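The values are calculated or read from the model by the stated rules, or taken from the named source; none is laboratory data. Nothing here was measured: the structure is a model prediction, and the numbers come from that model. Here Cβ is always computed from backbone atoms with ideal geometry, including for glycine, and neighbour counts include all displayed protein chains.
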Amino acid sequence: MLPHCGLDNYNLKEFKSEFMKTLYVSDMDGTLLGTDSRVSCETAEIVSGLSRCGTAITVATARTPATVDVLLEDTYTSIPAIVMTGAALWDRERRRYLRPVLMDGNVASEVVAVFAAEGVDPFVYDLGDGERLNVYHRSEMNRQERHFYEERRHLEGKRFVLGDSRELTVPSASTILVFGMGEAVRVEAVVERLRGVDGVSVSCYRDIFNHDVANIEVFGAGVSKAAAIKWLAGHIGAKRITVYGDNLNDLPMFGIADEAVAVANAMPEVIAAADRVIGPNSESSVARDIRRLAGGC
């Protein structure tokens with residue numbers, strides 16, 4: 001049984017500051033990250049400087065801590081990152097998960113069976129030891145899955161376990177995420193079938209570079225970027241929430257924000273839902289906008 005991580009033994013009061021009246025939250029891919037999927041030097045400098053002065057800035061991303069830590073290596077933030085679409089928070093300094101939301105084991109098994117019925121092989125993420133993710137998948141992969149695996153297989157904090165048997169991906173009681181990618185038609189068929197499964201939260205979105213490919217994330221009940229942002233804002237004492245995004249999976253956090261901001265390269269639906277639109281992700285636009293709103297030290 002996974003030990004409870006964070007709520008009893010972790011006090012977020014240490015993150016509170018009289019300056020943290022507004023919580024600024026940015027999506028990463030296509031928003032905070034540039035077109036090269038990296039944090040620009042300008043963004044790193046602005047965010048780090050404002051964070052050291054007491055501005056509450058963090059990210060809300062579908063990524064796991066393994067890639068968040070690498071991408072934000074040169075960027076200082078003082079409060080936890082929201083990872084895996086809100087399934088957990090990640091204390092970057094102490095390298096530990098906070099408030100993980102696990103899936104019921106029986107429900108997770110039903111979810112994996114739905115994936116199999118539609119011909120989609122999922123990556124099953126297991127937080128068995130409470131510190132490192134074990135990621136299970138069959139050895140056979142499509143092109144998108146292979147690229148995803150090759151980019152991440154050497155990262156700290158994540159261990160891939162591959163095999164030829166479907167038994168390999170039978171979920172345990174510490175499953176935190178079931179993730180799939182592939183042809184949009186197949187992936188979206190999984191989404192439709194999961195509408196009849198209780199106890200799960202489903203996020204599906206087209207790839208920002210190839211709209212014929214879709215990603216699907218299945219979590220325990222109640223998981224979303226929006227829920228995690230609201231929880232974090234309450235625990236650091238923020239009175240106002242400003243969020244930045246570009247893709248459909250950012251819309252839920254737009255709904256709970258005091259101000260929802262889209263980058264110029266965002267999908268049309270996201271731009272339509274935004275309170276305002278700033279420059280594209282290629283111009284460090286999020287960091288520049290936060291600096292304009294928050295001011296200097």
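Per-structure values
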{"item": "Residue match in region 183-199 (condition: closer than 20 Å to GLY255 by Cα and surrounded by 21 or more Cβ atoms within 10 Å (Cβ to Cβ))", "result": "no"}
{"item": "The one condition in (1) modelled with pLDDT under 95; (2) buried (at least 20 other Cβ atoms within 10 Å of the Cβ); (3) of a type in the set (Ser, Thr, Tyr) that TYR10 fails to fulfil", "result": "(2)"}
{"item": "Residues within region 227-251 that are surrounded by fewer than 21 Cβ atoms within 10 Å (Cβ to Cβ) and part of a helix (DSSP H, G or I), tallied", "result": "8"}
{"item": "Top-ranked residue of region 273-297 - restricted to ones that are among the hydroxyl-bearing types (Ser, Thr, Tyr) and buried (at least 18 other Cβ atoms within 10 Å of the Cβ), ranked as nearest to LEU251 (Cα to Cα)", "result": "SER285"}
{"item": "Flag if ALA214 is touching a residue at least 12 places away in the same chain (Cβ under 8 Å) and part of a loop (DSSP other than H, G, I, E, B)", "result": "no"}
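Table: residues versus (1) small (Gly, Ala, Ser); (2) in contact with a Cys (Cβ under 8 Å, 6 or more places away or on another chain); (3) under 18 Å from HIS235 (Cβ atoms); (4) in contact (Cβ under 8 Å) with a residue 60 or more places away in the chain.
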position	(1), (2), (3), (4)
THR64	no, no, no, yes
THR85	no, no, no, yes
ALA113	yes, no, no, no
TYR125	no, no, no, yes
ASN134	no, no, no, no
GLU140	no, no, no, no
